[in-house]
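Asker: First the structure, then my questions, so here it is.
What follows is calculated from the coordinates using simple rules that are stated; it is not laboratory data. These numbers come from a predicted model, not from an experiment. Neighbour counts run over all protein chains shown; Cβ positions are idealised from the backbone, glycine included.
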Amino acid sequence: MSHFEAIKISDDIYWVGAIDWELRNFHGYQTSRGSTYNAFLIVDERPTLIDAVKAPFLDEMLARVASVIDPSKIDVVVSNHAEMDHSGGLPRLLERVAPSTVLASPNGVKALQAHFHWDKAIQAVKDGSTLSLGKNTLRFVETKMIHWPDSMFSYVEEQGVLFSNDAFGMHLASTERFVDELDQAVTDVEAAKYYANIILPLSPIVGKLLERLPKLGFDLKLIAPDHGPLWRQDLQRIIGAYARWAEQRPTRKAVLVYDTMWHSTESMAHVIAEGIAKGGARPVLMPLSGSHRSDIATEILDAGALLVGSPTINNQLYPTVADAISYLKGLNRKNLVGAAFGSYGWNAKAVPLLDAALTDMGVQLLGEGLRVNYVPDAEALAACRALGERVAARLQENQA
Ligand code: FEO
């Protein structure tokens, strides 16, 4: 007897995904609360599976399907996205179940073939095309680059259920299947962390998708992403959050990301923070000795300034700073002002490297970075405080 069961989420529709309680690293993103790989079963004349799960979780998914129907009855498989967290289980699934039809977007067909090198026929569905399953009709909407070029949404016309794949999700393992069953403080943070670490670089595309959404004529009752709990109440909460995050409007929050060798760069950070607060903005310090890059990304999601501090080591950035800079550059947060700072011994290399890196990231620098030889004296600390006050003044101007 299996201990895994499906959960009904709408008429004829069941959640049959898997819970990954152990996941703590999703391609560099620290998933402190695990995740789920959501898959959905539509029980109709043509029983249909929407998405699969990561390869090691296939048996859990099949056991959940089997609690509703014999898995071999699945006739249609829709792959909304080829990334392995949703497609990894597909090869074994297709052998076991042998559905008559496997569907993906045109890019999805190519991506699945490039992953699995199948001779299996996968049919491409065009943007806006529909498929009748019996009582229910699926409509497919291409959502290229949310998250990959192959990504698409599938929508059940009769029930207002949107299978949104990576969009509107969060990495959060739970036995509860709906956001409204969980602590809102937790789901708000995890949805923001997910956006900051996965969706943020795609913000211009999110903006266009949100403009397109009302024109699609959806009567949305349920948003069912492929990670974390589903949205069935106050859908505007997550749609509005996506609109706000995609806009990347600066706030009066300044994030200071730094590491330190002998506490000098750290002392600079503390006094810059005092200046920021004195100037009426809010400093958030993220020392890299204990802050994960994905939590830094979350803090930056709604910031207005980014300041990065590094000592010089072997003529380079401190390694943790290089890691953070590389990661944040990829996330491409717009509309930030900022500055570099750091201590050096005999070769002040880190701060110019940071000035260049921040400029390359599109951060508008408030001047050349602040360098201190060995240990900051009173004059150097006064310069740090003044830098903080300048940052705050600029953030105030941006708000005006
Ligand atoms: Fe959840 Fe882009 O995969």
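Asker: Give, as a single signed number, the net charge of other residues whose beta carbon lies under 11 Å from the beta carbon of Gly309, with Lys and Arg counted +1 and Asp and Glu -1. Kindly include the intermediate steps, with their values, before the conclusion.
Answerer: Working: positive: Arg371; negative: Asp259, Glu266.
With Lys, Arg at +1 and Asp, Glu at -1, the neighbours total -1.
Asker: How far, in nm, would the chain grow between Phe116 and Ala356 when pulled straight, counting 0.36 nm per residue and subtracting the alpha carbon separation? Walk me through the intermediate numbers first.
Answerer: Numbers: separation 240, 0.36 × 240 = 86.40 nm, distance 4.09 nm.
Full extension of this stretch gives 82.3 nm more.
Asker: Expressed in nm to one decimal, what extension gain is obtained for the pair Ser32 and Leu365 from 0.36 nm per residue of sequence separation less their Cα-Cα distance?
Answerer: Details: separation 333, 0.36 × 333 = 119.88 nm, distance 3.29 nm.
Extra length available between Ser32 and Leu365 comes to 116.6 nm.
Asker: Setting aside same-chain residues fewer than 8 positions from Lys126, which aspartates and glutamates have a Cα under 12 Å from its Cα?
Answerer: Cα-Cα hits under 12 Å: Glu142, Asp150.
Asker: Under a crude label model (7 Å from the Cα following the beta-carbon direction), how far is Lys126 from Asp234 in nanometres?
Answerer: The modelled label-to-label distance comes out at 4.1 nm.
Asker: How much of the DSSP beta bridge set in the chain is antiparallel, as a percent to the nearest 5?
Answerer: On the way: 28 of 63 bridges.
Among the beta bridges of the chain, antiparallel pairing accounts for roughly 45 percent.
Asker: Which pairs break 28 Å Cα to Cα here: Lys8/Lys54; Lys110/Lys221; Lys144/Lys334; Lys54/Lys253?
Answerer: Lys110/Lys221; Lys54/Lys253
Asker: Now a separate question. Quick one: what does P(r) look like for segment 180-253 with 5 Å bins over all Cα pairs, in whole %?
Answerer: Result returned by the calculation: 3, 13, 23, 28, 19, 10, 3, 0.
Asker: For the modelled label position 7 Å from the Cα of Met261 along Cα-to-Cβ, which residues of segment 305-328 have backbone nitrogen atoms closer than 12 Å?
Answerer: Residues 310-319 qualify, since their backbone N sits under 12 Å from the label point.
Asker: Sticking with this one: Pop a pseudo-label 7 angstrom from the Cα along the beta-carbon direction at both Met1 and Ala98 and give the gap in nm to one decimal.
Answerer: 3.1
Asker: If you plug each phi of segment 16-32 into the Karplus form 6.51 cos²θ - 1.76 cosθ + 1.60 with θ = phi - 60°, what whole-Hz ³J(HN,Hα) values come out, in order, with x for Gly and Pro?
Answerer: Along segment 16-32, the couplings run 10, x, 9, 9, 9, 5, 8, 4, 10, 9, 10, 5, x, 9, 7, 9, 5 Hz.
Asker: Work through the residues other than Asp166 whose Cβ is under 10 Å from its Cβ and net out their charges, Lys, Arg +1 and Asp, Glu -1. Mind showing how you got there, number by number?
Answerer: Details: positive: none; negative: Glu83, Asp85, Asp226.
Its environment carries a net charge of -3.
Asker: Let me ask something else about it. Multiply the residue gap between Arg212 and Asp183 by 0.36 nm, knock off their C-alpha separation, and tell me the result in nm, one decimal place.
Answerer: Details: separation 29, 0.36 × 29 = 10.44 nm, distance 3.07 nm.
Taking Arg212 through Asp183 to full extension adds about 7.4 nm, to one decimal.
Asker: A follow-up question, please. How much net charge surrounds Gln113 when only other residues with a Cβ under 15 Å from its Cβ are counted (Lys, Arg +1; Asp, Glu -1)? Don't skip to the end; give the middle numbers.
Answerer: On the way: positive: Lys110, Lys120; negative: Glu83, Asp119, Asp150.
Net of charged neighbours comes to -1.
Asker: Still on this structure: Starting from the exponent 0.38 and prefactor 2.2 Å, build the expected Rg for segment 242-347 from its residue count and divide its actual Cα Rg by it.
Answerer: Working: Rg = 13.7 Å, N = 106, 2.2 N^0.38 = 12.9 Å.
Against the compact-globule rule of thumb, the ratio is 1.06.
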